[in-house]
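Below: one structure, written as structure tokens.
The values are calculated or read from the model by the stated rules, or taken from the named source; none is laboratory data. Just so it is clear, the structure is predicted and the values come from calculations on it, not from any experiment. Neighbour counts run over all protein chains shown; Cβ positions are idealised from the backbone, glycine included.
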Amino acid sequence: MSKISSPSNHQIVNNQQDHFESSDYYQLDDLLTEEHIMIRSSIRDFVKKEITPFIEDWAQKNYFPNEIVSKFGKIGAFGPTVPVRYGGGGLDYISYGLIMQEIERGDSGMRSTASVQGSLVMYPINAYGSEEQKKKYLPKLASGKMLGCFGLTEANHGSNPSEMETRFEDKGDHYLLNGAKMWISNAPYSDIAVVWAKDEKGRIHGLIVERGMEGFTTPETHGKWSLRASCTGELVFSDVKVPKENLLKGKDGLGAPMKCLDSARYGIAWGAIGAAMDCYDAARRYSLERIQFGKPIGAFQLIQKKLAEMLTEITKAQLLNWKLGLLMDQGKATTPQISMAKRNSVETALNVARESRQIHGGMGITGDFPMMRHMMNLESVVTYEGTHDIHLLILGADITGINAFS
């Protein structure tokens, strides 16, 4: 297992104050339990202490603070819906959503680290893994002693993972894995990877690949303009011998990784609105502080229009996410419903970030305010785990009964 620590030569600068105040215009807190509000409050306090004072520095320097992994583990951000007996929180999906909302209010890259760990690594091990696999990996993943990643996307197969080229062969006492995955969050620092590959018959299965297995490398992706405080890389497999006990036997076929993505997309729906809330709050406060033509710019009609539209769209998205959370807890949420929420939230967040930047004028492009960082991050969020248009077509197929993909 790799050691999680920060580079000794990196100087962390604490130069940001977090004045965030949440707006509850429709008294949505009445829909939450006392436990929900307590969980949200504790994560919000954590973000204000451990993320927002440093995030602009991390993003500017393209630095992933891998020390955050153990901190996420301590506050229960990893696998909050996983059963307590495996180290998870045993919480409901609204709690999970609120945790993702608050973390992404700090930064999308930080939320990616947490949601990949919980929804794309812990979820499949818990749902499809053996009892031995659950006991071996889940407690360490939950505590942040181990970091994981999810290997589905390939260089030539993004929106159409069914055509993946990564393969494994049965060699008697082990499997032999060959191929590569791309755009993998957490990859450079991961201790394990849940990898999806085809067997000799072309059937998709999940395998747990551990760092240190001969032929397994995780080159880092450089030059990103987005998610700069998140680590991204590749997974490369060259005749990697994977023990047979590392196969996830509970489910195979493309539906297995897609079910994982449903869980992750649900978290994104809440998370993206956290980014929108941060941009709206910054714009509201700035509009009352910035004086032009002898009065605060918040006194002008066009600024008020922008703020009113931002708050309206955020409130609508929060209601959509809350209802989806209920459906998730009841086991009734469908993939198209999750696609609707993910797509709506990210579009809302991007629009709010851009309008907030406009209100801030030239100051909005600096690291003194969060909008440009959120905006750049959201350009990844609108693409990963199902692009904006792919989610539109998932909805279209459900509405019409006609699949536009084939």
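Scanning the stretch 24-40 for residues that are surrounded by 15 or more Cβ atoms within 10 Å (Cβ to Cβ) and within 23 Å of the chain's Cα centre (by Cα) yields Leu32, His36, Ile39, Arg40. Hey, any hits in the stretch 113-124 for a residue that's in contact with a Gly (Cβ under 7 Å, 6 or more places away or on another chain), at pLDDT 95 or above and surrounded by fewer than 21 Cβ atoms within 10 Å (Cβ to Cβ)? Checking the stretch 113-124: not a single residue is in contact with a Gly (Cβ under 7 Å, 6 or more places away or on another chain), at pLDDT 95 or above and surrounded by fewer than 21 Cβ atoms within 10 Å (Cβ to Cβ). For the stretch 218-235, taking the residues that are more than 18 Å from the chain's Cα centre (by Cα) and over 24 Å from Lys140 (Cα atoms), the one that is surrounded by the fewest Cβ atoms within 10 Å (Cβ to Cβ) is identified as Gly223. Of the set (1) surrounded by fewer than 23 Cβ atoms within 10 Å (Cβ to Cβ); (2) out of contact with any strand residue (DSSP E or B) (no Cβ under 8 Å at 6 or more places or on another chain), all apply to Leu288 but (2).
Criterion first (assigned to a loop (DSSP other than H, G, I, E, B) and either aliphatic (A, V, I, L, M) or closer than 21 Å to Leu227 by Cβ (or both)) does Ala59 satisfy it?
Details: assigned to a loop (DSSP other than H, G, I, E, B): no; either aliphatic (A, V, I, L, M) or closer than 21 Å to Leu227 by Cβ (or both): yes.
When the stated conditions are applied, Ala59 does not pass them.
Residues considered: Thr315, Thr334. Of these, the only one that is hydroxyl-bearing (Ser, Thr, Tyr) and either touching a Pro at 6+ places or on another chain (Cβ under 8 Å) or within 27 Å of Gly109 (Cβ to Cβ) (or both) is Thr315.
Yes/no per residue for (1) buried (at least 20 other Cβ atoms within 10 Å of the Cβ); (2) out of contact with any strand residue (DSSP E or B) (no Cβ under 7 Å at 6 or more places or on another chain):
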| position | (1), (2) |
| --- | --- |
| Lys171 | no, yes |
| Leu176 | no, no |
| Lys181 | yes, no |
| Ile184 | yes, no |
| Ala197 | yes, no |
| Leu207 | yes, no |
| Glu210 | no, no |
| Phe216 | yes, no |
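Taking the stretch 41-91 as the range and being farther than 21 Å from Cys279 by Cβ, buried (at least 19 other Cβ atoms within 10 Å of the Cβ) and of a type outside the set (A, V, I, L, M, F, W, C) as the test, the residues that pass are Pro65, Asn66, Gly73, Gly76, Gly79, Pro80, Thr81, Tyr86, Gly87, Gly88, Gly89. Annotation: of all residues in the stretch 322-349 being more than 30 Å from Ala282 (Cβ to Cβ) and of a type in the set (S, T, N, Q), the one that is surrounded by the fewest Cβ atoms within 10 Å (Cβ to Cβ) is Gln330.
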